[in-house]
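One structure below.
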Amino acid sequence: MNRACLSLILALLTLYTYAQSGYPPPCDEVRQVKLDTDQRKRLILSEFISSCVRNKYWTNDKGIILLREYQNEQGKSCWLLLPSIDDSYKDNPPNRFASFDGDIILVFDADSKQNVKPTVDDKTGLNQCLGQIIGDRVYSRPSVKSRWTDMVLPFTNRKMKEGTHRHELGNGGSLIIIFNSDGSYSKLLPV
């Protein structure tokens with residue numbers, strides 16, 4: 001009886017420990033990092049995700065966060081948070097990601113002007129790994145970059161070259177976070 005109880009207790013402890021550590025990523029090309037290292041960062045990420053859902057930047061159960069980490073001109077650590085619903089990250093894939101309450105955050109290194117630094121690792125390997133991690137959270141961009149139309153321009157009777165494009169102005173849900181040395185932070189909307 002004691003042996004059976006001891007075996008059961010060891011099995012439960014093993015399962016509990018494994019459950020606490022979570023599941024490892026499905027691949028090794030992209031490194032998992034922890035972004036919510038304190039309560040303020042957890043709050044920032046939680047509020048940003050809520051705004052993506054509330055403002056419909058994420059639709060049809062699609063959406064990830066693109067986070068650009070950089071130092072501004074004053075040397076302060078900053079984040080530029082961008083909502084995304086497509087696979088545009090594939091053009092310059094990052095080598096780091098984070099999981100936050102089931103959502104995926106891709107972490108890019110950027111310069112002081114918020115431009116993403118070019119990928120130096122194998123893009124194909126990074127994209128294959130990120131594809132496994134992201135799954136169906138984003139739309140695939142179409143390979144054809146033009147639009148057919150049967151419209152004719154008024155007065156000239158010439159055929160239009162491309163179908164209608166619709167653009168909205170605004171920052172698209174982007175948010176800049178500036179972390180101060182005293183533990184506080186500021187939020188800015190990019191222009």
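The values are calculated or read from the model by the stated rules, or taken from the named source; none is laboratory data. Because the structure is predicted, anything quoted here is derived from the model rather than measured. All Cβ positions, glycine included, derive from the backbone under ideal geometry; neighbour counts span all protein chains shown. Just the protein is used for accessible areas: all its heavy atoms, side chains included, with ligands, DNA and RNA removed. Shrake-Rupley method; radii C 1.70, N 1.55, O 1.52, S 1.80 Å.
Is segment 148-171 home to any residue that is under 22 Å from the mean Cα position of the chain (by Cα), at pLDDT 85 or above and assigned to a loop (DSSP other than H, G, I, E, B)?
Taking every residue of segment 148-171 in turn, none turns out to be under 22 Å from the mean Cα position of the chain (by Cα), at pLDDT 85 or above and assigned to a loop (DSSP other than H, G, I, E, B).
Out of the residues in segment 108-145 that are out of contact with any Lys or Arg (no Cβ under 8 Å at 6 or more places or on another chain) and among the polar types (S, T, N, Q), which is farthest from S77 (Cα to Cα)?
Result: S143.
Within segment 61-71, can one find any residue that is modelled with pLDDT of 90 or more, farther than 22 Å from N92 by Cα and out of contact with any Phe, Trp or Tyr (no Cβ under 8 Å at 6 or more places or on another chain)? It would help to see each step written out before you state the result.
As a first pass, look at segment 61-71 and keep what is modelled with pLDDT of 90 or more: 61-71.
Pick out the ones that are also farther than 22 Å from N92 by Cα and you get 61.
Imposing the further condition that a residue be out of contact with any Phe, Trp or Tyr (no Cβ under 8 Å at 6 or more places or on another chain) reduces the set to 61.
Looking for residues that are modelled with pLDDT of 90 or more, farther than 22 Å from N92 by Cα and out of contact with any Phe, Trp or Tyr (no Cβ under 8 Å at 6 or more places or on another chain), one finds at least one in segment 61-71, hence yes.
How about segment 35-142: which strands (runs of 3 or more DSSP E) wholly inside it have at least 3 residues that are touching a Pro at 6+ places or on another chain (Cβ under 7 Å)? Explain how you work it out, then say what you get.
Values: elements: 64-71, 77-84, 96-100, 103-109.
The strands (runs of 3 or more DSSP E) meeting that bar are 103-109.
Check segment 50-59 and report whether any residue there is modelled with pLDDT of 95 or more, touching a Leu at 6+ places or on another chain (Cβ under 8 Å) and either open to solvent by 40 Å² or more (accessible area, probe 1.4 Å) or not polar (S, T, N, Q) (or both).
no
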